[in-house]
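First the structure, in the form of structure tokens, and then the observations on it.
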Amino acid sequence: MSTFEELGVSEPLQRAVTDLGFEYPMPIQERVIPRLLGDAKDIVALAQTGTGKTAAFGLPVLQRINPDEKHPQALILAPTRELCLQIGSDLADFSKYIPKVKVLPVYGGSSIESQMRTLRAGVQVIVATPGRLIDLIKRGVVKLEDVHTVVLDEADEMLNMGFLDSIEEILSHLPDDRKMLLFSATMPADILKIAKRYMKDYEEIVVGTRNEGAENVRHIYYMVNARDKYLALKRIADNTPNLYAIIFCRTRRDTQEVADSLIRDGYNAEALHGDLSQQQRDIVMKKFRDRVVTLLVATDVAARGLDVDDLTHVINYGLPDDTAVYTHRSGRTGRAGKSGVSVAIIHSREKGKLREIERIIGKKFEHKDVPTPEHIIEKQLYNLADRLERVKVNEEEIAPYLAGISRKLEWLSEEDLLKRVISLEFNRLLDYYKDAPKIDFIDVKPERGDRKGRKGDRGDRGDRPRDDKEKDRRTAERGMERIYINVGKRDGFFAGNLIEMLNKLVNGKRVDVGRIDLLPGYSLFDVKKADARKVVGALTGADFYGKRIHSEIADADRDYSKIADKKKKK
């Protein structure tokens with residue numbers, strides 16, 4: 001195993017990394033540092049977040065700076081303000097024994113005048129988000145003609161966020177003889193285009209395997225009915241006493257709803273999405289980093305560039321459409337040699353997507369049953385016992401109070417006292433899980449003969465034959481009634497919206513929802529037969545973001561896709 005000295009890292013930087021607790025270089029650092037310090041060509045490095053890539057490019061960048069020259073000599077581009085600040089903070093730590101080297105993060109959402117003053121005073125390393133950097137270039141405050149090293153960190157994230165034009169504009173201001181490094185977790189086609197267009201005879205360094213998740217991340221999934229996803233999430237949280245996790249949702253609305261529900265149910269949770277102001281986002285992130293909040297419910301866009309250590313879990317509240325997004329999500333746990341868990345809570349229709357992710361990342365997901373109430377309570381009790389064993393007792397501080405407390409409780413036996421301690425901690429949990437049902441998805445379909453029998457009754461009308469699969473979609477499960485509603489994914493309508501509407505509009509006790517099929521122009525879902533007409537009446541005439549709702553009991557022989565297509569053309 002190499003040392004930082006053997007890699008050619010200078011003595012002041014070696015001291016700084018020792019202070020930070022770095023003993024030996026990580027694989028990406030061993031591969032990149034000597035090449036960047038030497039006469040290496042340009043580099044494309046594929047490495048997951050948490051593999052030590054900031055030090056891999058940061059240490060040689062700092063070592064190549066001339067402290068006596070006060071103009072920008074290195075530029076690091078990052079997709080988000082959070083990552084920009086994190087890189088700036090890490091480089092400041094690395095350069096603590098090189099006081100003349102100045103590092104400045106520049107990003108939107110902060111005073112541009114303050115950043116301009118610092119730039120005019122002299123800065124050698126700029127860490128920037130693309131938008132703010134272009135603004136500073138246009139104002140004539142940033143000159144890049146003397147930059148000898150440019151780093152694009154999380155380049156795939158920048159492309160996902162639509163920064164391709166901005167990156168190309170920035171690169172046009174850099175000298176031709178600069179050294180360029182491109183770091184990415186995945187290798188989409190657009191990354192290769194940038195490499196071929198702007199990098200000279202580049203070398204590709206892969207730590208791990210292309211598009212593969214971190215090695216020490218365990219991938220598991222729970223399969224439940226769509227209506228039970230939130231219940232499953234709570235059980236997973238209750239079954240993991242020291243959970244410190246990001247919960248990824250697909251939309252801003254789902255993110256806020258899940259976070260609000262968790263807070264209402266007593267969990268330390270907060271939402272992070274694009275509707276929050278930058279100040280609100282900063283407050284949420286500080287609380288999460290300080291572990292005041294232990295569950296961060298976030299959209300992918302809002303969470304891009306977040307650099308949080310020691311996450312125990314990443315929880316996918318449904319799978320993303322893009323496999324690369326899953327790779328980014330799961331790569332946020334299991335970092336710096338630690339183990340982590342990536343959890344997917346899915347319904348039966350997402351199984352194909354799960355298999356595709358398995359194929360791309362080269363790993364199998366473990367299927368697990370949703371924790372039972374008995375298992376959760378046992379796990380929590382053992383955790384309480386563990387906390388009691390490890391609690392620090394300040395004998396001197398509590399001594400004056402012990403005699404009085406002992407007198408008050410002397411009538412209790414040791415067993416009675418233990419029962420009361422447990423009950424004090426667990427009455428809420430015990431009440432909540434009393435008679436709680438099993439919520440795993442049971443993959444049992446109606447008997448084929450029964451289905452055919454039902455369809456056969458309708459089929460005598462002489463209608464033209466239709467695809468069995470499509471017809472099955474319009475047929476309710478046994479004991480249920482199938483409901484049609486004229487909004488679908490194209491309208492931004494998802495399972496969470498349906499549940500919200502039913503809870504809001506249907507009077508009386510909560511409606512149990514069965515299988516849900518979300519199509520582009522409409523949706524179909526099952527409810528108990530007794531609730532069907534009540535549900536149709538409540539939904540019809542309601543408003544979904546300006547669209548008037550029509551609902552009816554679904555006819556297995558009616559082709560609703562044609563109705564949706566006609567309305568789309570109008």
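Among the residues of segment 472-503, which ones are at pLDDT below 80 and in contact with a strand residue (DSSP E or B) (Cβ under 8 Å, 6 or more places away or on another chain)?
Residues satisfying the conditions are 473, 474, 475, 476, 477, 479, 495.
Among the residues of segment 493-516, count how many are part of a loop (DSSP other than H, G, I, E, B) and in contact with a helix residue (DSSP H, G or I) (Cβ under 8 Å, 6 or more places away or on another chain).
Going through segment 493-516 one residue at a time, the tally reaches 7.
Does residue 355 satisfy the condition of being modelled with pLDDT of 80 or more, surrounded by fewer than 14 Cβ atoms within 10 Å (Cβ to Cβ), within 24 Å of residue 516 (Cα to Cα) and more than 19 Å from the chain's Cα centre (by Cα)?
For residue 355, the condition - modelled with pLDDT of 80 or more, surrounded by fewer than 14 Cβ atoms within 10 Å (Cβ to Cβ), within 24 Å of residue 516 (Cα to Cα) and more than 19 Å from the chain's Cα centre (by Cα) - is met.
With the condition kept exactly as written, say whether any residue in segment 207-224 is in a helix (DSSP H, G or I) and either on the phi > 0 side of the Ramachandran plot or modelled with pLDDT of 90 or more (or both).
no
So that you can scan it fast, the table gives a plain yes or no per residue for (1) modelled with pLDDT of 90 or more; (2) touching a strand residue (DSSP E or B) at 6+ places or on another chain (Cβ under 9 Å):
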| position | (1), (2) |
| --- | --- |
| 26 | no, no |
| 52 | no, no |
| 66 | yes, no |
| 79 | no, no |
| 89 | no, yes |
| 102 | yes, yes |
| 107 | no, yes |
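Taking segment 135-179 as the region of interest, how many residues are in a loop (DSSP other than H, G, I, E, B), of a type in the set (D, E, K, R), open to solvent by less than 30 Å² (accessible area, probe 1.4 Å) and on the phi < 0 side of the Ramachandran plot?
Going through segment 135-179 one residue at a time, the tally reaches 2.
Scan segment 10-49 for residues that are open to solvent by 20 Å² or more (accessible area, probe 1.4 Å) and not in a helix (DSSP H, G or I) and jot them down. Steps first, please.
Of the residues in segment 10-49, the ones open to solvent by 20 Å² or more (accessible area, probe 1.4 Å) are 10-12, 14-15, 18-24, 26-27, 30-31, 34-35, 37-41, 49.
If the condition is that a residue be open to solvent by 20 Å² or more (accessible area, probe 1.4 Å) and not in a helix (DSSP H, G or I), then 10, 20, 21, 22, 23, 24, 26, 38, 39, 40, 41, 49 are the ones that fit.
Out of curiosity, is residue 469 at pLDDT below 50 and either farther than 29 Å from residue 522 by Cβ or open to solvent by 50 Å² or more (accessible area, probe 1.4 Å) (or both)?
In short, yes.
Considering only residues that are surrounded by fewer than 21 Cβ atoms within 10 Å (Cβ to Cβ) and more than 27 Å from residue 438 (Cβ to Cβ), look in segment 226-274 and name the one that is modelled with the lowest pLDDT.
Only one residue tops the list, namely 274.
What pairs can you find where one residue is in segment 155-171 and closer than 17 Å to residue 83 by Cα, the other is open to solvent by 10 Å² or more (accessible area, probe 1.4 Å) and among the aromatic types (Phe, Trp, Tyr), and their Cβ atoms are less than 9 Å apart, with a gap of 6+ or different chains?
These pairs meet every condition: 157/163; 167/198.
Please enumerate the residues belonging to segment 109-134 that are open to solvent by 30 Å² or more (accessible area, probe 1.4 Å) and out of contact with any strand residue (DSSP E or B) (no Cβ under 9 Å at 6 or more places or on another chain).
Residues satisfying the conditions are 109, 110, 111, 113, 114, 117, 120, 121, 131.
If I go through segment 358-382 residue by residue, how many of them are assigned to a helix (DSSP H, G or I), open to solvent by 20 Å² or more (accessible area, probe 1.4 Å) and within 23 Å of residue 245 (Cα to Cα)?
7
For residue 101, state whether it is within 23 Å of residue 9 (Cα to Cα), open to solvent by less than 60 Å² (accessible area, probe 1.4 Å) and assigned to a loop (DSSP other than H, G, I, E, B).
The answer is yes for residue 101.
If we keep just the residues of segment 74-98 that are charged (D, E, K, R) and in contact (Cβ under 8 Å) with a residue 60 or more places away in the chain, which is most open to solvent (accessible area, probe 1.4 Å)?
Ranking the qualifying residues of segment 74-98, first place goes to 96.
Please determine, by comparing only the residues of segment 383-423 that are polar (S, T, N, Q), assigned to a helix (DSSP H, G or I) and without any contact (Cβ under 8 Å) to a residue 12 or more places away in the chain, which one is farthest from residue 242 (Cα to Cα).
Step by step, filter segment 383-423, then rank; the result is 406.
The values are calculated or read from the model by the stated rules, or taken from the named source; none is laboratory data. Note that the structure is predicted; figures quoted are calculated from it, not measured. Cβ: placed from backbone, ideal geometry, glycine included. Neighbour counts: every protein chain shown. The protein model used for the area step is the full one, side chains on, heavy atoms only, and it has no ligands, DNA or RNA in it. Shrake-Rupley method; radii C 1.70, N 1.55, O 1.52, S 1.80 Å.
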